[in-house]
Amino acid sequence: MEFGKCYKCFRPLKSCYCKYIKSFDPGVKFIILMHPKEAYKQKTGTGRLAHLSLIDSEILIGIDFTQNERLRELIADEQYFPVVLYPDENAWTAKTLASKNVLEGNKKKLLVIVVDATWFFAKKMLRLSPNLQELPKISFEGNYRSQFKFKQQPAEECVSTIESCYYLIKELQNAGLGSDEEPESLMDVFKRMVDFQLESEKERLEAGIPCRYARGDNPAAKK
């Protein structure tokens, strides 16, 4: 049996997902703002898997991003049009984005900022980061349900970070934005992770060990 940790996907070597990850270029730059608990304590967080799958994506760890130099640099960079993937009554959809032509005929690249935290901490991160509040919000047109089968979401419309990226990319493609590379590899590695955790929980229950995920709460986006 292999012991130790993979320092790429941060999984134990025996359950490393790297061989299932197929990176692709979505034609969009994703910035994943990861809460410290997701970065250092959450063993099944999907933000890192999304980052490893999305070429040109970055992870920034913190809670208050007001003075984060890298984020400020990216937001100010004129080659990008920054938006925050987050629910809001005035949030744009991919179709809205296309109709406004804010990318100036693809002269600008879409910069999608994803908040990777529980619903409670995601709201706190936005509240503490006024530079994020000033940016346009983007959300989904479709009504999606999470396939995170072993974790109970706080609301049925909450989906994980990797699912959020996948659904947004699909809707952007349908609106004629981004690249035409298939994003299915995002869901492939996600489903492998879910299947592995379900099998692990089955083994734990058979051994008389309580289930760890009965009260899970790990949404990354909500319509």
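The values are calculated or read from the model by the stated rules, or taken from the named source; none is laboratory data. Model, not experiment: these values are computed from the prediction. Positions of Cβ are generated from backbone atoms using ideal geometry, with glycine treated the same way; all protein chains shown enter the neighbour counts. These area figures cover heavy atoms from the full protein model, side chains too; ligands, DNA and RNA do not enter into them. Shrake-Rupley method; radii C 1.70, N 1.55, O 1.52, S 1.80 Å.
Some points to look at:
- Listed values for segment 105-119 are Karplus-derived 3J(HN,Hα) couplings in whole Hz (6.51 cos²θ - 1.76 cosθ + 1.60, θ = phi - 60°), namely x, 6, 6, 9, 9, 6, 10, 9, 9, 10, 8, 9, 6, 5, 4, and x replaces Gly and Pro.
- Residue ranking by accessible heavy-atom surface, 1.4 Å probe, largest first, among Val114, Val102 comes out as Val102, Val114.
- Across Lys41/Lys109; Lys95/Lys124; Lys41/Lys123, pairs whose alpha-carbon gap is larger than 31 Å: Lys41/Lys109
- Both numbers refer to the Cα atoms of segment 21-140; Rg and Dmax are 14.0, 42 Å.
- Rounded to whole numbers, the Karplus 3J(HN,Hα) couplings from phi for segment 125-137 are 4, 5, 4, 7, 10, x, 5, 7, 4, 6, 8, x, 9 Hz, using 6.51 cos²θ - 1.76 cosθ + 1.60 with θ = phi - 60°, and x at Gly and Pro.
- Under 14 Å from the Asp77 label point (7 Å along Cα→beta-carbon), backbone N, segment 104-131: 108-113
- Solvent-accessible surface of protein heavy atoms, probed at 1.4 angstrom with all chains present, puts Asp180, Asp77 in the order Asp180, Asp77, largest first.
- Potential lengthening between Asn131 and Glu89 on full extension [0.36 nm per residue; Cα-Cα distance subtracted]: 13.2 nm
- Loop sites in segment 55-120: trypsin sites (Lys or Arg not before Pro), DSSP, at most 13 other Cβ within 10 Å: Lys107
- Accessible surface ranking for Cys158, Cys16, 1.4 angstrom probe, highest first: Cys16, Cys158.
- Residue-span extension gain [Ile63 to Lys107] - 0.36 nm each, minus C-alpha spacing: 12.7 nm
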